[in-house]
Structures are given as C-alpha cells and as structure tokens.
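Novice: Submitted below is the structure of interest, expressed as structure tokens.
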Amino acid sequence: MSGPKPSLRSGGSPQSRFQVDVVTEAASSGPPAAPEESRSRFRSVGFLDSVALGSAMDIGLPPDVSHEPDAARSDSVSLHSTGTGHTHISDSHSNTYYMRTFGHNTVDAVPNIDFYRQTAATLGEKLSRPSLSELHDELDKDPFEDGLANGEEPSAAEEAAAALRAKEAKGGTVKFGWVKGVLIRCMLNIWGVMLFIRMSWIVGQAGIGLTIAIILMATVVTTITGLSTSAIATNGFVRGGGAYYLISRSLGPEFGGSIGLIFAFANAVAVAMYVVGFAETVVEMLSDVDALMTDELNDIRIVGTLTVILLLGISVAGMEWEAKAQIVLLVILLAAIANYFIGSFITMESKEPKGFFGYNSAIFLENLGPDFREEETFFSMFAIFFPAATGILAGANISGDLTDPASAIPKGTLLAILITGVTYVVITISAGACIVRDATGDHNDTVSDTVNCTDAACTLGYDFSICKEGGCQYGLMNDFQVMGLVSGFSPLISAGIFSATLSSALASLVSAPKVFQALCKDNIYPGLGMFAKGYGKNNEPLRGYVLTFGIGLAFILIAQLNVIAPIISNFFLASYALINFSVFHASLANSPGWRPSFKYYNKWVSLAGAVLCCVVMFVINWWAALVTLLIVLALYIYVSYKKPDVNWGSSTQALIYNQALTHCMNLTGVEDHVKNFRPQCLVLAGYPNARPALLQLVHSFTKNVGLMVCAHVRTVTRRPNLKEVSQEHARCQRWLNKKRLKAFYTHVFSDNLRHGAQFLMQAVGLGRLKPNTLVMGFKNNWSDGDMRDVDVYINTIHDAFDLQFGVAILRLQDGLDVSHIQGQDEILTSQEKPPGAGKEAASVTLTKDSDAESCPSKTASSQSSPLIVRATETKCPLSLADQRLLETSQQFKRKQGKGTIDVWWLFDDGGLTLLIPFLLTNRSKWGDCRIRVFIGGKINRIDHDRRAMATLLSRFRIDYSDIHVLGDINTKPKKHNKLSFKELIEPFRLKEDDMEQEAAERLKAQEPWRITDNELELYRAKNNRQIRLNELLKEHSSAAKLIVMSMPLARKGTVSSGLYMSWLETLSKELPPLLLVRGNHQSVLTFYS
C-alpha cells in the first residue's frame, strides 16, 4: 500500500485520559493539534483511509518478529500493512510491552483498595473507578471528568511526590500499636483501685474459693465481650468512637446513638469516680499526719479538683503526652505489684500481731471457705469486685488513634484480660495463704494454756479470739491497707494506689471526648454538632475535653464514692451487653458483609454473654440497672422517631431482609385461604404525586392490611436513560415514604398503557406477595380524546379479568390528575433540584396539558427529568377548575366526619365490593361513617330480600346502618336521560346500515371501538339499566361520602370499547366520589370460623 505510514503515539493533551488522535508520519514536525481536538475525550477514527488511520497510546499489540528502528521517536510504534497481509510493528524497545503493568492500555480499572474506601477515610484517599456508563456508552458521550484514567500511569516524579505527601501525612499524626494503644490502657484500667484496697477484704469475706469463682465469673463476662469486640473490630475498617462506633455500625443508629451517649457520659463520670478514689486515699494520708486543710469532705473536693485539672492538662497536651504518662503509671503499678509479692515472702515478727505470718497451709485452709459478715453475700461481693474487671474497652475507645485497629484491638484486649485475670487470682491465693482474717495488733495476745484456741493463728502462737466480739483493726476483714503491710516497702503500695486511680481516670478522660466526638460527627442528636470539631494534627476534641472536665468536676464535688459508683458499672455493662448482642445479631442475620477475620467467636456464646451482662447489672444494683435500661429505651425511642439520615449497613437491616425472605418463602408453601384474603392493589397512578386522591383512598384500606404498589407505565419513543430512571425511582419511593404511604413504587417502559399493565400484572410481586386487584382512575374527558386510547384503556380492564385480577376504578367529578398544576408536592428534594432551580416552582406532569401551554411562564427543562416542569416566579393564577381539583385531590387525606359509605352491591363478585368499605370504616379517618347497603330485588318481596341480606351481613360480622332493596331498577329511565346517552354514543357509532358491508367491515377492523347497530339492539336493556342506575344513585346517594358500586361487566369481543366506556360514563357521572369494583368472583368473605 502506498502513501504515508501512520504511526501510533500518545495524545498531546495532558488533561486527556484516553484519546485517539489522527496523526501521520510527519506529525512530529507538524503543527500541534487544534485545541478542540486536544480537549476531546474520544474521537471517531476512520480505518478505511490510510491517512486518517488513528492510533491509541499503547494499543496492546505484542511486538512482531520484524522490528525497524525509528530514530525520530524512540518510544513510537509504527504500524503498517504490506501486500502480504502481515502487519509489521516497529518498536525501538521491543521488550517494553512485556514490562508494562497489566491494565495500562485500557480505561477499565484493575482492582484497587482505594476504590473501596469511604469518603471520610483517614488512611488513604478515596478513588472512583470508571463508571459502567464510561465503559459502556457510545464514544460521542463525554463520560470523563478531570483525572487520570487507569490507562495513564503517573510519571516517576508524580509517584515520588505522592509518596512524599503520604510519608508527611503519616508522620504528622500519632498512631499507636497494640501494646501502647490497647494492652497498656486496658491493663491500667482493669487494675483499678480495687486491686490494693478491696481485694484482700473480699478474700476475707468470701474465702479463697468463692473469690476465685467471683474473678472467673467476671472474667467470663469480659472475655466473651472481648471476643465479640474482636469480631466486630475485624469486620472492616474501624474509626474513632470505640464502643459507640462498634455498636452503631452493627446494630444501627438507634442502639448506637443511645448507648453511645450514655457510654460517653459514663466515662466522664468515671473520671470523677477514680479521682475521688485517689483523693480519698490522699486525705486519709493527710489525716494520719493531722494535716487536713478543712474537713475530710471538703479536702476530697479540693484535692479532686486539683487532680482533674492536672489530668486535663495532660490530655489536652496531646495523645503522645497522655501515652507517655500511662507508661510511667504502668511502671509504678507493676513495681507496686512486684513489691507486694516480694514482701509476701519476707516474714517479720513485728508484722505477726497484725495478721501477716507468711505462707502457711493452716492459714490457707482456714481462708479457703467463706465467712460472710455484716449481711454480706456472694453477690454483694461480686457487685463490689466487678467494677475492677471493667475497662476492657479502653483500647477500643481510641480506635481512631491506632495504627491497625483490626489487629490491635483483639490482641491487646484479650491479652490484657488474661494478664489481669491471672494477677487477681494469684493475689487472691497469696493474700488468703499468708494473712489471717482477724488480728489485734497487740504483741501480748499470745496463746495461753488455759484458753481453748482452734484458729490458724493459734498454731502460730497468737490468740485473736477476742476479735470475734469486734473492735479489731487488722487482718483481711478489718484493714483495707493490709497489702501495704505485707509489701516490702509500703509507700510503694500507696504509689500503686495513686497510679491505679490516676491511670484509670486519665484513660476515661481521653475515652469520653473521643466517643462523644464520633457521636457528634454522625449528627445523631441535633444541636451537639459543635463538639464534633477537632483540633491539631490528631484532630483532638478539645471541646469534648472541656465538657468531660465539667461533668467530672460536677461529680467530684459530690465527694462520695458510693454515690457515684453504682450507675457507672451498669452503663458499662449495658455497652458490653449490646456489643455481645451485636455479634449474635450479625451472625443470625447471615449477611454476606459479616465476615470478621477474627474467627474465635460463636453467636450463641455472644448471646450468653449479653444475657450474663444483663444479669450482672441487676446483681450489682437493681435500681441502677432499671435506670440504665430506661435511659437506653428513652434514647432509643428518640432516635427511632427522629430517623437520622444514615445508612451504615447494620445487621438490623440484614436481619429484616433475612426474615422477609424467609417469610416470603414460607408463604409460597401455603395455599390461599378465604379467611386470609387481603386486597393487594396494583395502582396505576403514574408518578406518585400525580393522583394523590387515588393513592390516599387505596392506602386507607390497604395500610397494615395488604400490599400496595404504585405503578407507572411510561410510554417512550426512544431508549430511556437508565441512570436517570434509577434515580427517579429512588426519588418516587422516598416521596411515598415521606408522605407515610405504605406502598412500593415501580415503573415499566412500554409502547402503551395496555402492554405496560400486562407486564406489571404478570411480573410485579414476590411469591404470595403479588397484587390481586388492579386500581385505576376513571378516564375523564375520554370522549374528547383519541378513541384508540379508550380502546387501550378498556382492553387493560379485560386483561386484568383474564389474569384473574379484581378491578377497581375511582371517579371524582373534577378528575384525579393534578400533575399539570404548578406548586404541587415536589418529588425532587432540595438537594436534587437541577442547577438554578432554587427560585423556581416545580410540578409533576404526565401529559402535555393545554393549560400549561397557554401560560407563557411554564417552560419545560430539557436538562431535567420528564418528571419535572419548572416554572419561573411569575406564576399563572389557577383557574376555578384547577382550584376545585386541588381541593378534591386532598379530600381523602382529611377525616371524613359523620356520613355514609353507600355500597351498591348489585352483583356478587365474591365480596370484594363489600370488603373494601368494611376495611375503610376500620380507619380513624372513616370511623364516623356508616355503611348503607343497596341491593336489587323484586317489588313484591322487598322485606324478604332485606332480611336475607341482613342475615348474610350479620354472618359476615359486618356492621351496617341500613339496607335498601331497590325494586325499581328495571323501570324505564327518563326520556331526557336516554337522549343524553344517545348523544353520548352518537360520534362512536359505526352506522353500518348506511354503508356497504365491505366498507363497514373495513372501518370496524380499523376502528374496533366503534359501536354497531346490532350491538345497540342486543344490549338495549343493559344500556337502559346503566341510565336507570345513575338516576337511582342521584336519588339515594347524592350526599354520601363515598359510593362503592359493582362495576358492570362487558363480554370481551362482543361489547365494543366505545359502548363499555359509555356505560361507565353514564353510570358514574354527576355523583360524589364513586369507586366501581368488580372482584374476580372468588370468595373473599366467609362466615365459617
């Protein structure tokens, strides 16, 4: 082939993601591409013209055996065809193709973790993969915005800059590993003040055996909770917020919001509890040296206030300083514990009168069993000890400051539970084996020969039997500071007490603001958003610190530990219970999204843990447990009522789906029964806000009773934009939810109403949850429109009967469709309005409206959905007809007041005509209305027919106010009404007698809706019946709130659409709201039990 040889090269515009440029061999020396070309994303390429043969960067062809060096462009690839049919590719670096990253030559994206990040991800920037439309739509679309396609790899300089930015970002924030971030915090929190000043007393009361049982019970609860916490923490990326984040993302905002608030509050009050414990110890030391400032209570307040100010300063200084302080406190605490154990092996004669004799089997055996005093019990001991086992969430509470929360939380939490549990057990055995329960402290209380002494102390030469009368100050039962006596250096035990209390207070002071900040960021409680703001590189919640400080200070001023403590443990336990329940709930829901990498959990064990937590709550303090549950319930109800606009994919959603699916499947195996019949309505309403009266009426008798599907048949002449359709569907469903209409929205595209309705009636539904009744609006002004539309409308009714559907048609004299009136309820939300629509009124329209055309202010926007017609601020005044239409469109939304629902049950359709009015009267809006039943009968047996109907209604258990037997239905109608009917049908008659047979047949085939003379003669009686019924309706039911009437049937293929429509028109004109109903002639009522 002669002519220039096309070469392949990359596009010239740096903004282009994937560009096809037309180049020639001389492109390198020619002028640059036009700006219009460089801005384009895609351009068509003609392959028939060798000069115009386009190229793409790295088309992905492997290099051929024939290579020709190209001195002008070292990276260029040349492609040309020889007469032999072979394609030669020229590449100066033949091996570079094989060295390319997979996916370099396509817009399609390879899997990347950044595609799966959430918008607010902290560990990396969220990237967007190419959308399906970008990959699938035609090339003349402009799918791409600014940014790199997958096919354009960043340069080395760009990669280096990105790596530097990431390194700087990583170095800017302080992140902790599992040891410093979780293990140390949990151990410091669990090793609380109980370790040194209550553990020995519990051993004296409950004995070694029961004390170990108490420790094991508490450890079981915390271990199960730790396993559950590990499961949730490893089921995806964990952000800051600790228990609140874990619970809210698992069980949803209702549980998370309620428990998050009280958990943050409990941590704030826990600051006060630990600080008051510290202050009490300090004041006792001051009291021993007679150095009180005022009195004990006020001294506790003073010391506590100074302490919490110091702790606030450490916390505000930043997480790094707080972590360093925690390490110092841990060292002191470990030294104090070691000091105790070392001292327990060093026996001193001076300590023996105070009860410490060193390890002795006699003391161990004596202390093995319980010796409860002062009305103490096993459960009261458990209630006192259990707060010492809390604190397992200290690491999870700062999950946002951990390098790898999913790994750190399981390792740190479970190891902390193991270490602290073992420590408590060892100290229990140690204290019970070397210290007697009671001691006088007097060296002279030695064993004498005249006294019968059997205690363990007697075998060691001391007689403490006088202590049984009370008054002794030493021993396990009497001295809270006995561990200081045992230790090798007692001031170090005091330092350990200070370390335990201050470390726990510091951990709570950090946890509360972090949890509260996460809660405020989610905007669960309006008005708390100001506390969501963070400061500095670590996003420190300084406002939360100040709030926590204020709450803690307020409770410190109470200065009584026993008043502060009870409710806090219950708040923590409520959190533990919900964490365990979250794991059980998520496992039960069997959601594909529940796949934690931590596998050592069991849903039934988690459920047992949740129950245990609730039991422990009531064991510790029953009234505090009740208060906690009431607060959680109140907050749950509040959040449920407010319905925050969040969607976290909670297990509640998964379980609801699971249950719905299970019940749907169960229903499929159950045959329909007349007692369980429910009207399940497919409502052809168009857009939901187009016919509000129709939806409101159907909703009145289907709410909480049956299925309601708001269906929309959309006739289109071009392929719809499916993305817009999906968004529109979501908007319509949201509109229904906002109006509290319990209905589903669905739509279908079709060439006409009939075919669309066929699709809907056959496809809508799931198992037994399928519509059985088609509800439509009456076709007003049908005689002025295209009769082909009438033919489609009537055939839709025929199709419903063919599919064994019931049919209901609602007629309001002013019409149903309000879509052409501007200012109606908008389906678009304020965030979804098209640009520039802020000063415009929106309305919904289905069809082109003549009134809309006459008003020059109404202009359709080609950019917006067909749903929206935008109008400028200069609104057209509403006509009287539109004003009446707006008023009547809302009539079923109001309470109806006293009146009647007149049921004209002329033909037995299975009872649907009677069931719908009964369901209506069960609603509060229709509760004041009474049912009147009208039936046909003979003039000479009216009483008999009335009694028969009364018997039937009583057996159906349907209340009614009156029964009217119409004996004059077959009376001839008035002459002027017959003339009106004749005028109505005149334009639609075929008049075959006035034309040749062949022409008549041809016209009838072309216009099947036309009424033949033979048809009129055949159905003369039926015509008269419709006219007469309209007269009777005006006579008896002109004041009714609603008329429900048996709809006349027309035999398919015999009665033309024009005649059937004329029957419906004649029957329903000039009447109150009328609902024509015809069931599928299967019984929907029964009087059998």
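The values are calculated or read from the model by the stated rules, or taken from the named source; none is laboratory data. Please read these numbers as outputs of a predicted model, since none were measured by experiment. When we count neighbours, we look across all protein chains shown, and the Cβ atoms used for this are built from the backbone with ideal geometry, even at glycine. Side chains included, ligands, DNA and RNA excluded: accessible areas come from the protein's heavy atoms. Shrake-Rupley method; radii C 1.70, N 1.55, O 1.52, S 1.80 Å.
Novice: Collect the residues in the stretch 337-369 that are open to solvent by 30 Å² or more (accessible area, probe 1.4 Å), in contact (Cβ under 8 Å) with a residue 60 or more places away in the chain and of a type in the set (D, E, K, R), keeping them in residue-number order.
Specialist: Matches in the stretch 337-369: GLU352, LYS354, GLU366.
Novice: Counting only residues that are part of a helix (DSSP H, G or I), over 30 Å from PHE956 (Cα atoms), in contact (Cβ under 8 Å) with a residue 24 or more places away in the chain and not hydroxyl-bearing (Ser, Thr, Tyr), how many does the stretch 643-675 have?
Specialist: Residues that pass the stated criteria total 5.
Novice: Right, here's the next one. Can you name the residue in the stretch 919-943 that is assigned to a helix (DSSP H, G or I) and either touching a strand residue (DSSP E or B) at 6+ places or on another chain (Cβ under 9 Å) or touching a residue at least 60 places away in the same chain (Cβ under 8 Å) (or both) and is also surrounded by the fewest Cβ atoms within 10 Å (Cβ to Cβ) among such residues?
Specialist: Going through the qualifying residues, I end up with ASP943.
Novice: Considering only the stretch 749-770, I want to know if a residue exists there that is at pLDDT 90 or above, in contact with a Cys (Cβ under 8 Å, 6 or more places away or on another chain) and open to solvent by less than 50 Å² (accessible area, probe 1.4 Å).
Specialist: no
Novice: What are the pairs with Cβ atoms under 6 angstrom where one residue, in the stretch 793-815, is among the polar types (S, T, N, Q) and the other, located anywhere, is part of a loop (DSSP other than H, G, I, E, B)? Sequence gap at least six, or different chains.
Specialist: GLN804/ASN1080
Novice: Out of the residues in the stretch 771-803 that are surrounded by 16 or more Cβ atoms within 10 Å (Cβ to Cβ) and small (Gly, Ala, Ser), state the one that is modelled with the lowest pLDDT.
Specialist: SER783
Novice: Among PHE379, PHE372, which is the only one that is more than 19 Å from ALA231 (Cα to Cα), surrounded by fewer than 18 Cβ atoms within 10 Å (Cβ to Cβ) and in contact with a Phe, Trp or Tyr (Cβ under 9 Å, 6 or more places away or on another chain)?
Specialist: Exactly one of PHE379, PHE372 is more than 19 Å from ALA231 (Cα to Cα), surrounded by fewer than 18 Cβ atoms within 10 Å (Cβ to Cβ) and in contact with a Phe, Trp or Tyr (Cβ under 9 Å, 6 or more places away or on another chain), namely PHE372.
Novice: Would you point out which residue out of GLY226, GLY209, GLY204 is within 26 Å of the chain's Cα centre (by Cα) and either crowded, with 24+ Cβ neighbours inside 10 Å or part of a helix (DSSP H, G or I) (or both)?
Specialist: GLY226
Novice: For the stretch 1064-1089, enumerate the residues that are open to solvent by less than 10 Å² (accessible area, probe 1.4 Å) and either within 15 Å of THR773 (Cβ to Cβ) or assigned to a loop (DSSP other than H, G, I, E, B) (or both).
Specialist: Across the stretch 1064-1089, the qualifying residues are LEU1075, LEU1076, VAL1077, GLY1079.
Novice: Could you list all residues from the stretch 598-621 that are part of a loop (DSSP other than H, G, I, E, B), more than 20 Å from SER650 (Cβ to Cβ) and either of a type outside the set (Lys, Arg) or in contact (Cβ under 8 Å) with a residue 60 or more places away in the chain (or both)?
Specialist: TYR600, ASN602, ASN621
Novice: Output the residues belonging to the stretch 458-483 that are part of a loop (DSSP other than H, G, I, E, B), farther than 24 Å from PHE196 by Cβ and open to solvent by less than 70 Å² (accessible area, probe 1.4 Å).
Specialist: LEU460, GLY461, ASP463, GLY470, listed by residue number.
Novice: Among the candidates THR662, THR652, THR628, single out the residue that is in contact with a helix residue (DSSP H, G or I) (Cβ under 7 Å, 6 or more places away or on another chain), of a type in the set (Val, Ile, Thr), within 30 Å of ARG734 (Cβ to Cβ) and modelled with pLDDT under 90.
Specialist: THR652
Novice: Now for a separate question. From (1) of a type outside the set (D, E, K, R); (2) surrounded by 18 or more Cβ atoms within 10 Å (Cβ to Cβ); (3) part of a loop (DSSP other than H, G, I, E, B), pick out the condition that doesn't hold for SER700.
Specialist: So the condition that SER700 fails would be (3).
Novice: Also, quick follow-up: Take the stretch 1021-1040 and flag every residue that is of a type outside the set (Asp, Glu), farther than 12 Å from ASN970 by Cα, part of a helix (DSSP H, G or I) and open to solvent by 30 Å² or more (accessible area, probe 1.4 Å).
Specialist: LYS1034, HIS1036
Novice: If we keep just the residues of the stretch 407-451 that are open to solvent by 30 Å² or more (accessible area, probe 1.4 Å) and under 30 Å from PHE237 (Cα atoms), which is modelled with the lowest pLDDT?
Specialist: Per the stated criteria, the residue is SER407.
Residue by residue, here is whether (1) aromatic (Phe, Trp, Tyr); (2) open to solvent by less than 10 Å² (accessible area, probe 1.4 Å); (3) over 13 Å from TYR245 (Cβ atoms) holds:
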position	(1), (2), (3)
SER504	no, yes, yes
ALA507	no, yes, yes
VAL510	no, yes, yes
ILE524	no, yes, no
PHE531	yes, no, yes
GLY534	no, no, yes
PRO541	no, yes, yes
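Novice: Looking at the structure I just gave you, is LEU915 surrounded by 15 or more Cβ atoms within 10 Å (Cβ to Cβ) and part of a helix (DSSP H, G or I)?
Specialist: Judged against the criteria, LEU915 is a match.
So that you can scan it fast, the table gives a plain yes or no per residue for (1) part of a loop (DSSP other than H, G, I, E, B); (2) closer than 22 Å to MET194 by Cα; (3) in contact with a helix residue (DSSP H, G or I) (Cβ under 7 Å, 6 or more places away or on another chain); (4) among the aromatic types (Phe, Trp, Tyr):
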position	(1), (2), (3), (4)
ASN339	no, yes, yes, no
LYS351	no, no, yes, no
GLU374	yes, yes, no, no
MET381	no, yes, yes, no
ALA388	no, yes, yes, no
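Novice: Of these, GLY236, GLY256, which one is assigned to a loop (DSSP other than H, G, I, E, B) and either of a type in the set (Gly, Ala, Ser) or in contact (Cβ under 8 Å) with a residue 40 or more places away in the chain (or both)?
Specialist: That would be GLY236, the only listed residue that is assigned to a loop (DSSP other than H, G, I, E, B) and either of a type in the set (Gly, Ala, Ser) or in contact (Cβ under 8 Å) with a residue 40 or more places away in the chain (or both).
Novice: Another question, then. Test ILE398 against the stated conditions and say whether it is open to solvent by less than 20 Å² (accessible area, probe 1.4 Å) and either aliphatic (A, V, I, L, M) or more than 30 Å from PRO541 (Cα to Cα) (or both).
Specialist: yes
Novice: Here's something else I'd like to know. I'd like the residue in the stretch 586-625 that is under 20 Å from PHE385 (Cβ atoms), modelled with pLDDT of 85 or more and buried (at least 22 other Cβ atoms within 10 Å of the Cβ) and, out of all such residues, is farthest from the chain's Cα centre (by Cα).
Specialist: Only one residue fits best here, namely VAL616.
Residue by residue, here is whether (1) among the β-branched types (Val, Ile, Thr); (2) open to solvent by 60 Å² or more (accessible area, probe 1.4 Å); (3) modelled with pLDDT under 80 holds:
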| residue | (1), (2), (3) |
| --- | --- |
| ILE551 | yes, no, no |
| ILE556 | yes, no, no |
| ALA559 | no, no, no |
| ASN562 | no, yes, yes |
| PHE571 | no, no, no |
| ALA574 | no, no, no |
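Novice: Can you confirm whether VAL583 is in a helix (DSSP H, G or I) and open to solvent by 50 Å² or more (accessible area, probe 1.4 Å)?
Specialist: no
Novice: Would you please name the residue that is surrounded by the most Cβ atoms within 10 Å (Cβ to Cβ), looking only at residues in the stretch 291-336 that are charged (D, E, K, R) and at pLDDT 80 or above?
Specialist: Filtering the stretch 291-336 for residues that are charged (D, E, K, R) and at pLDDT 80 or above, the one surrounded by the most Cβ atoms within 10 Å (Cβ to Cβ) comes out as ASP299.
Novice: Can you tell me which condition PRO491 does not meet? The list is (1) open to solvent by 50 Å² or more (accessible area, probe 1.4 Å); (2) in contact (Cβ under 8 Å) with a residue 12 or more places away in the chain; (3) not in a loop (DSSP other than H, G, I, E, B), and all the others hold.
Specialist: Only one criterion is unmet by PRO491, namely (2).
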